[in-house]
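The values are calculated or read from the model by the stated rules, or taken from the named source; none is laboratory data. The structure presented is a predicted model; accordingly, all values stated were derived computationally and were not measured. In this analysis, Cβ positions are derived from the backbone assuming ideal geometry, glycine residues included, and neighbour counts consider all displayed protein chains.
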Amino acid sequence: MIRHIVCFQLRNVDDAQRADDIASVTQRLEALATCVPGIATLRVVPDLGIAPSHWPLALVGDYETLEALEAYQDHPDHQSAVAWMNEGIVVDRVVVDFEL
């Protein structure tokens, strides 16, 4: 099992817009779990907001194999979601993958 964690830095700092962006990203990314084979679990979670240095949003996904993670990365629906987020929602991301 491979765990894939992505933390997102969001463009908007306005609280209302940030909340809308978090809801939109969550809906779009979590929907991938139903259309991409090999995903065991996939959750998008907002940070608790207890420290200003924390990144506001994270994706945590578990994949059956490394090949399943690679297939997720290459899947057209994932690529479309990434392009959409890069157009105005996400300004930076950091990724960690590890074996469970």
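Exactly one of these conditions fails for residue 70: (1) outside any strand (DSSP E or B); (2) touching an Asp or Glu at 6+ places or on another chain (Cβ under 8 Å); (3) not aromatic (Phe, Trp, Tyr). Give me its number.
Among (1) outside any strand (DSSP E or B); (2) touching an Asp or Glu at 6+ places or on another chain (Cβ under 8 Å); (3) not aromatic (Phe, Trp, Tyr), residue 70 violates only (2).
Return the residues of the range 83-97 that are among the aliphatic types (A, V, I, L, M) and surrounded by 15 or more Cβ atoms within 10 Å (Cβ to Cβ); say none if nothing qualifies.
If the condition is that a residue be among the aliphatic types (A, V, I, L, M) and surrounded by 15 or more Cβ atoms within 10 Å (Cβ to Cβ), then 85, 89, 90 are the ones that fit.
Would you please list the contacts, defined by Cβ atoms under 7 Å and residues six or more apart or on different chains, that run from a residue in the range 43-71 that is within 24 Å of residue 91 (Cβ to Cβ) and aromatic (Phe, Trp, Tyr) to a residue that is in a strand (DSSP E or B) and at pLDDT 95 or above?
Close Cβ pairs satisfying both conditions: 55/7; 55/8; 55/9.
Every residue in the range 35-54 that is closer than 28 Å to residue 15 by Cα and under 13 Å from the mean Cα position of the chain (by Cα), please.
Selection gives 42, 43, 44, 45, 46, 47.
How about the range 72-100: which of its residues are free of Cβ contacts under 8 Å to residues at least 40 places away in the same chain and either within 18 Å of residue 43 (Cβ to Cβ) or not polar (S, T, N, Q) (or both)?
The first filter runs over the range 72-100 and keeps only residues free of Cβ contacts under 8 Å to residues at least 40 places away in the same chain, leaving 73-74, 76, 79-80, 82-83, 86-87.
Once the filter is applied, which keeps residues that are free of Cβ contacts under 8 Å to residues at least 40 places away in the same chain and either within 18 Å of residue 43 (Cβ to Cβ) or not polar (S, T, N, Q) (or both), the range 72-100 yields 73, 74, 76, 82, 83, 87.
Name the residue that is farthest from residue 84 (Cα to Cα), counting only residues in the range 32-60 that are out of contact with any Leu (no Cβ under 9 Å at 6 or more places or on another chain) and of a type outside the set (Gly, Ala, Ser).
50
Which ones in the range 16-67 are surrounded by 14 or more Cβ atoms within 10 Å (Cβ to Cβ), among the hydroxyl-bearing types (Ser, Thr, Tyr) and not in a helix (DSSP H, G or I)?
If the condition is that a residue be surrounded by 14 or more Cβ atoms within 10 Å (Cβ to Cβ), among the hydroxyl-bearing types (Ser, Thr, Tyr) and not in a helix (DSSP H, G or I), then 63 is the only one that fits.
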